[in-house]
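Only the coordinates and a few stated rules stand behind these numbers; no lab work does. Computed from a prediction, not measured in an experiment: that's the story for all the values here. Please note: Cβ atoms are built from the backbone with ideal geometry, for glycine as well, and neighbour counts cover all protein chains shown.
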Amino acid sequence: MIQIVKVKDYATLSKKAAMYIAAEIVQREKPVLGLATGSTPVGTYQVLREMYQEGKLDFTAVRSVNLDEYRGLAPEDSHSYRYFMNQELFHHVNIAKENTHVPDGSLSDAQEACESYERLIESLGGIHLQILGLGHDGHIGFNEPSDSFPAKTHCVQLTEETISANQRFFNSKDEVPREAYTMGIGTIMQAEKILLLVSGRDKAAILKKVLEGPVSPEVPASILQFHKNVILIADEDALSKCSSV
Ligand SMILES: O=P(O)(O)OC[C@H]1O[C@](O)(CO)[C@@H](O)[C@@H]1O
């Protein structure tokens, strides 16, 4: 079931999302957060940093697992998602580095990289709250449109659309890696709770398909209709094409 929280704008979305995450951190003895990269959660991470700096939030007990990472980029590469997470959140709060996990893009043995990430999530006891952004083609993590829903962490070929969308983070399109490691749809669906964040008019058409269209691997995020506990926080622009909201 997807519970929709409609907000006015991106700033409100970021505050609301941070409140949900903070509540999870406070209520759990050892919270396991699934974290996402991309532009959408940047404001949320900013609010979490502020809450920590104001002494309102303690990350000591938090363990985190990120959704995905470019294959071929070392953790210290400034384009890697590990680097992004360090910059946007980890370096600014009191989370222990050893409690933060991002797939290691420098591992060349794809099978081992993926299997060990699944083992890691299992050893943490699973994910309590998974944060998700939404790609323009409906991807979550790096699960691109396909003819089936991939179950576990795996290595993907990025689509031209995603490569073009992510080009803005690199000097040129040629620099964007063509492959990535990502949690599978099954991995994501096993999270106890999911927080999907969507902002902007450019996401309105795909969000309508996710919420109102048939569940199909051609729109990977549509599978969330089958999850028991999804909270969507979306702004008015993102929801502007949804008739029912
Ligand atoms: O929040 P953005 O930048 O629109 O990205 C949406 C999705 O695309 C990705 O950046 C991958 O392309 C994901 O990490 C993210 O969830």
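Structure summary
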{"read-out": "Amide H contacts of residue 216 (H built 1.01 Å from N, under 5 Å, at least 5 apart or other chain)", "value": "222, 223"}
{"read-out": "Expected 222 nm ellipticity per residue - DSSP helices of 4 or more, -39500 (n - 2.57), all of the chain, to 500", "value": "-9000 deg cm²/dmol"}
{"read-out": "Calculated log₁₀ intensity ratio I(q)/I(0) where the Debye formula runs over C-alpha points of the chain, q = 0.15 Å⁻¹", "value": "-1.05"}
{"read-out": "Largest-first principal axis extents, alpha carbons of segment 1-43, Å", "value": "33, 23, 20"}
{"read-out": "Burial ordering of 144, 192, fewest other beta-carbon atoms within 10 Å first", "value": "192, 144"}
{"read-out": "Virtual spin-label span in nm between residue 22 and residue 53, 7 Å along Cα→Cβ", "value": "1.4 nm"}
{"read-out": "Rg(Cα) / (2.2 N^0.38 Å) computed for segment 42-86, rounded to two decimals", "value": "1.38"}
{"read-out": "Gain in span if fully extended, residue 240 to residue 157, counting 0.36 nm per residue against the direct Cα distance", "value": "26.8 nm"}
{"read-out": "³J(HN,Hα), Karplus 6.51/-1.76/1.60, whole Hz, each residue of segment 191-202, x for Gly, Pro", "value": "4, 4, 9, 10, 10, 9, 10, 9, 9, x, 5, 5"}
{"read-out": "Exposure proxy order (Cβ contacts within 10 Å, fewest to most) of 7, 32", "value": "7, 32"}
{"read-out": "Exposure proxy order (Cβ contacts within 10 Å, fewest to most) of 78, 64, 148, 116", "value": "148, 78, 116, 64"}
{"read-out": "Too-long pairs where the Cα-Cα distance tops 31 Å, listed order kept, from 16/228; 8/97; 8/30; 6/97", "value": "8/97; 8/30; 6/97"}
{"read-out": "23 Å tail of the calculated P(r), segment 115-245, as % of Cα pairs", "value": "34 percent"}
